[in-house]
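Below is one structure; the comments refer to it alone.
The values are calculated or read from the model by the stated rules, or taken from the named source; none is laboratory data. Small disclaimer: the values here were computed from a predicted structure and weren't measured. Heads up, the Cβs are rebuilt from the backbone with ideal geometry, glycines too, and the neighbour counts pull from every protein chain shown.
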Amino acid sequence: MIDPLFDLTGKIALVTGGSRGLGLEMVRAFAAHGADVIVASRKLDACEAAAEEVRAMGRRALAVSAHVGRWPDIDRLIETAYAAFGRIDILVNNAGMSPREPSHQVTEALFDSVMNLNFKGPFRLASQIAKRMYDGDGGAIINVSSTGSLIPLPAVVPYSGAKAALNAMTLSFAHEYGPKVRVNTLCAGPFLTDISKAWAPEARERSNNALGRPGKPQEVATTALYLASPASSFTTGALITVDGGSTAASSLGTAD
């Protein structure tokens with residue numbers, strides 16, 4: 001039996017970057033608590049694999065290939081989702097990328113690509129869905145940010161800046177589309193997702209945080225469930241760090 005505070009039965013969730021990493025863990029958690037899920041990322045086969053997991057739980061699922069740094073793709077994703085389900089109750093802006101590059105070597109194309117995927121795209125997706133939520137029965141939006149937005153790191157300045165903008169957008173949207181739409185930031189620290197394969201071996205075992213270790217991907221699920229569910233009915237415009245108590249940012253967040 002699902003705890004009523006975390007019951008998502010009958011809800012429709014859209015998760016970008018939902019085919020792997022933290023996004024996939026959120027997809028699994030939402031489905032396990034009753035939600036039907038739209039899984040979006042660039043690779044359709046990976047989205048279909050995630051959607052099959054959801055269907056195996058007895059929930060409906062839709063896989064959509066979309067580059068969420070591009071507004072035409074975003075608009076197509078929205079129309080496809082609403083055509084299939086009629087509404088979206090939960091949106092998770094999770095897709096992102098965090099390439100390391102010395103700032104003096106960052107090209108305009110790389111700068112634009114990082115900003116588009118981490119801020120420009122999420123802005124478009126959240127603004128368009130928030131308006132539909134506001135005109136309907138309301139909903140919850142979760143913007144996945146990074147501790148790198150709070151303690152910016154060298155060689156990832158465009159990423160840190162884009163995530164900081166995402167943090168600011170959360171508070172603005174919470175006021176613009178409240179009280180019917182709740183908008184919050186889940187600020188992720190070091191997690192052992194696919195991106196951690198590029199870390200030094202010791203970084204995969206120890207982190208400069210209070211818990212002394214990086215997080216397991218499934219450890220993001222409870223915070224995501226809280227922000228998506230009735231349990232957080234009085235929480236909006238908030239930034240919640242899920243980072244093991246970091247004192248310095250040692251992670252670059254998530255990557256789609």
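Points to keep in mind about this one:
- Meets criteria (without any contact (Cβ under 8 Å) to a residue 12 or more places away in the chain and more than 12 Å from the chain's Cα centre (by Cα)) for Ser160: no
- Considering the conditions (1) farther than 28 Å from Arg76 by Cα; (2) at pLDDT 95 or above; (3) of a type in the set (Gly, Ala, Ser), Gly189 is excluded by exactly one of them, (2).
- Residue pairs whose Cβ atoms lie under 6 Å apart, sitting 6 or more positions apart in sequence or on different chains, and linking a residue in region 221-237 that is closer than 15 Å to Gly178 by Cα to a partner that is among the small types (Gly, Ala, Ser) and in a helix (DSSP H, G or I), are Thr236/Ala174; Gly237/Ala174.
- Of everything listed in (1) at pLDDT below 85; (2) in a helix (DSSP H, G or I), the single unmet condition for Ala174 is (1).
- Those residues of region 7-60 which are of a type in the set (A, V, I, L, M, F, W, C), surrounded by fewer than 19 Cβ atoms within 10 Å (Cβ to Cβ) and within 21 Å of Ser233 (Cα to Cα), in sequence order: Ala32
- Residue check for Ala83: aliphatic (A, V, I, L, M), surrounded by 16 or more Cβ atoms within 10 Å (Cβ to Cβ), without any contact (Cβ under 8 Å) to a residue 60 or more places away in the chain and assigned to a helix (DSSP H, G or I): no
Quick grid of which residues meet (1) assigned to a helix (DSSP H, G or I); (2) buried (at least 23 other Cβ atoms within 10 Å of the Cβ):
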| site | (1), (2) |
| --- | --- |
| Val92 | no, yes |
| Ala95 | no, yes |
| Pro99 | no, no |
| Pro122 | yes, yes |
| Arg132 | yes, no |
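- Scanning region 103-115 for residues that are assigned to a loop (DSSP other than H, G, I, E, B) and under 16 Å from Gly148 (Cβ atoms) yields a single hit, Val106.
- Any hit, region 60-72, residues being on the phi < 0 side of the Ramachandran plot and assigned to a helix (DSSP H, G or I): yes
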